[in-house]
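One structure is given below, encoded as structure tokens.
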């Protein structure tokens, strides 16, 4: 009996509940989901065989690939963002592109706080010390971190994720200063949230988190270079860290950060590996 199910290419192995549904409803292309990170040539081959495809943010779908995959009708991006896909080429070819909006707000806010606390309390450094076998016992001056409770949290970019991060600050008794294009409506604000210019936020905040979108047309994103190059001269000398959870691989690291104790604690959804690195 002929299998009439549409053909699907899955670029990477997805969690079991999803794969079970996929295998039931579609014919999988040869090579689907076998690689952790498929080569571009393999990715193109899979897309050219398929009626539909599920790809991830790490899969670069360029114009040449889109025009080569003439059989492909829909490209489902397993991500909130879609900057990995040439949308102009997809639009020109009439290819449907979908994403998964609003599903990672809480997860990203949770991870922002996980990294903020790990950085302030030097958890990763302590873990590395233990694993290296160099730890010989406790000392009152060993790996002293920074106090978080009661400090002022500065948030650059007060969209869904920025607001979710701000809500979590209540448990740490942290007043919030935020910077975005327009102040939020008063009805949606906690009394502990106050709008500030970027300059004033960097001066007032003890901790700064950055949550701006990856788009050159967004005013907050246009400030990337300004934050990267000028921030050290504006930050309070006691500021412990900067936690970044934007989808943005182009935040500059500049030698002027060398005079600041700030920490670029994360590059989640960016192009560099997630690392913890003192910039002093």
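The values are calculated or read from the model by the stated rules, or taken from the named source; none is laboratory data. What you see is a predicted model, and the numbers here were worked out from it, not measured in a lab. Please note: Cβ atoms are built from the backbone with ideal geometry, for glycine as well, and neighbour counts cover all protein chains shown.
For the stretch 53-65, filtering for residues that are touching a strand residue (DSSP E or B) at 6+ places or on another chain (Cβ under 9 Å) and either farther than 26 Å from residue 102 by Cα or surrounded by fewer than 21 Cβ atoms within 10 Å (Cβ to Cβ) (or both) leaves 4. If you scan the stretch 183-234, which residues turn out to be assigned to a loop (DSSP other than H, G, I, E, B) and modelled with pLDDT of 80 or more? If the condition is that a residue be assigned to a loop (DSSP other than H, G, I, E, B) and modelled with pLDDT of 80 or more, then 183, 184, 185, 192, 196, 197, 205, 206, 211, 212 are the ones that fit.
Please determine whether any residue of the stretch 130-148 is in contact with a strand residue (DSSP E or B) (Cβ under 9 Å, 6 or more places away or on another chain) and assigned by TED's automatic domain parsing to the domain that holds residue 175. Yes, because at least one residue in the stretch 130-148 is in contact with a strand residue (DSSP E or B) (Cβ under 9 Å, 6 or more places away or on another chain) and assigned by TED's automatic domain parsing to the domain that holds residue 175. Within the set 119, 98, the sole residue that is in contact with a strand residue (DSSP E or B) (Cβ under 7 Å, 6 or more places away or on another chain) and closer than 30 Å to residue 170 by Cα turns out to be 119. In the stretch 1-12, which residue that is surrounded by fewer than 16 Cβ atoms within 10 Å (Cβ to Cβ) and out of contact with any helix residue (DSSP H, G or I) (no Cβ under 7 Å at 6 or more places or on another chain) is nearest to residue 73 (Cα to Cα)? If we take residues in the stretch 1-12 being surrounded by fewer than 16 Cβ atoms within 10 Å (Cβ to Cβ) and out of contact with any helix residue (DSSP H, G or I) (no Cβ under 7 Å at 6 or more places or on another chain), then 6 is nearest to residue 73 (Cα to Cα). Residues in the stretch 61-83 that are more than 15 Å from residue 8 (Cβ to Cβ) and at pLDDT 95 or above: 9 in all. Would you confirm, using the coordinates I've provided, whether residue 52 is modelled with pLDDT of 95 or more and within 30 Å of residue 212 (Cβ to Cβ)? No; evaluated as a whole, the condition is false for this residue.
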